Amino acid sequence: MGTAEAPGAGDPDRGQLLTALAALAEEAGRATMAIYAGEQGVRVKSDGSPVTAADLASEAIIAAGLARLAPDIPTISEEAAAEGRIPAVAERFFLVDPLDGTKEFIARNGEFTVNIALIEAGAPTLGVICAPALGRLYAGARGAGAWRQDADGARRAIRARPAPARLVVVGSRSHAGAETRDWLARFEVERFTPAGSSLKFCLVASGEADLYPRFGRTMAWDTAAGEAILRAAGGCVSRLDGTALDYRATCLAGCENGDFVAWGDPALMRRAVLTR
């Protein structure tokens with residue numbers, strides 16, 4: 001599996017962009033926290049999902065920041081997309097979920113995140129996930145490694161771990177059902193840990209879990225930043241047949257993902273595909 005690169009190692013331009021996007025995600029996270037404990041301004045979108053004043057405040061900050069940092073790269077963001085404002089999909093574009101885990105935000109359980117990802121040639125190559133209520137930020141990029149930053153500002157490199165004999169599985173707090181349980185029956189599972197939002201990818205990337213299977217509807221902005229961080233930490237994400245997610249194709253077709261699995265150890269994916 002190799003060893004984790006130091007935070008900010010590798011391509012200096014990519015490392016600088018990663019640092020700038022981390023600061024932008026933190027700024028957006030502070031805006032969500034200003035709304036978190038008070039009146040959240042909840043309403044229901046046309047697809048039945050909730051949106052809050054924090055979603056909109058975070059998105060406005062990120063949109064302005066990305067326009068300043070990378071004006072030539074288009075951005076697909078959840079709330080703008082919900083209103084039909086989706087730019088032409090290019091070879092390079094940003095995917096943004098300004099508040100992933102809106103239900104967790106409304107429930108005030110702390111497990112919500114701000115997600116920013118860069119997509120290049122269909123693959124997520126850079127990602128930032130800020131969990132402001134937890135005082136935690138995860139970031140990673142191809143060629144720059146992956147790291148976690150805690151509330152005190154200290155950063156440490158993170159790395160997905162080689163798969164143990166008995167796996168720690170992380171999954172959705174509200175979406176793990178019979179299909180997930182049936183699929184997991186092929187593995188020796190030590191425990192299943194529920195978690196909200198894109199934090200599930202971060203637990204796999206940091207070696208605290210080995211596997212995150214997801215059956216059912218997710219959107220490209222839900223998963224891109226988490227996949228980028230997991231890839232930078234040595235893991236991978238695949239469809240059930242082992243093929244990679246293609247975010248450009250997904251966004252050309254409405255931005256909805258199919259079933260997928262996030263793997264800490266790519267060897268585990270290869271074994272699972274061979275025994276399907």
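Just so it is clear, none of the values below were taken in a lab; they were calculated from the coordinates. In this text the structure is predicted, and so the values were computed from the model without any measurement. Reconstructed Cβ throughout: ideal geometry from the backbone, glycine too, with neighbour counts over all protein chains shown.
One decimal place: the segment D246-A64 gains 62.9 nm when fully extended, by the rule 0.36 nm per residue minus the C-alpha distance. Spin-label model, R271 to R156: label points 7 Å out along the Cα-to-beta-carbon direction sit 2.7 nm apart.
Residues whose amide H falls under 5 Å from that of V189, counting only those 5 or more places apart or on a different chain, are L167, with hydrogens built in the peptide plane.
Using Stokes-Einstein with the Kirkwood hydrodynamic radius over Cα pairs, what translational diffusion coefficient do you get for the stretch 12-157 at 25 °C and a viscosity of 0.890 mPa s, in µm²/s rounded to a whole number? The calculation lands on 159 µm²/s. Using a cutoff of 8 angstrom between alpha carbon atoms and counting only pairs six or more residues apart, the relative contact order for the chain works out to 19 percent.
Taking amide H as placed 1.01 Å from N in the peptide plane, R136 has its amide H under 5 Å from the amide H of A131, each at least 5 places away in sequence or on another chain.
Put simply, the amide H of G171, placed in the peptide plane, has neighbours under 5 Å in T193, A195, leaving out anything fewer than 5 places away on its chain.
Legend: translational diffusion of the stretch 206-259 by Stokes-Einstein, Rh = Kirkwood radius over C-alpha pairs, 25 °C, 0.890 mPa s; D = 208 µm²/s.
Modelled label positions at F192 and A37, each set 7 Å beyond Cα in the direction of Cβ, lie 3.5 nm from each other.
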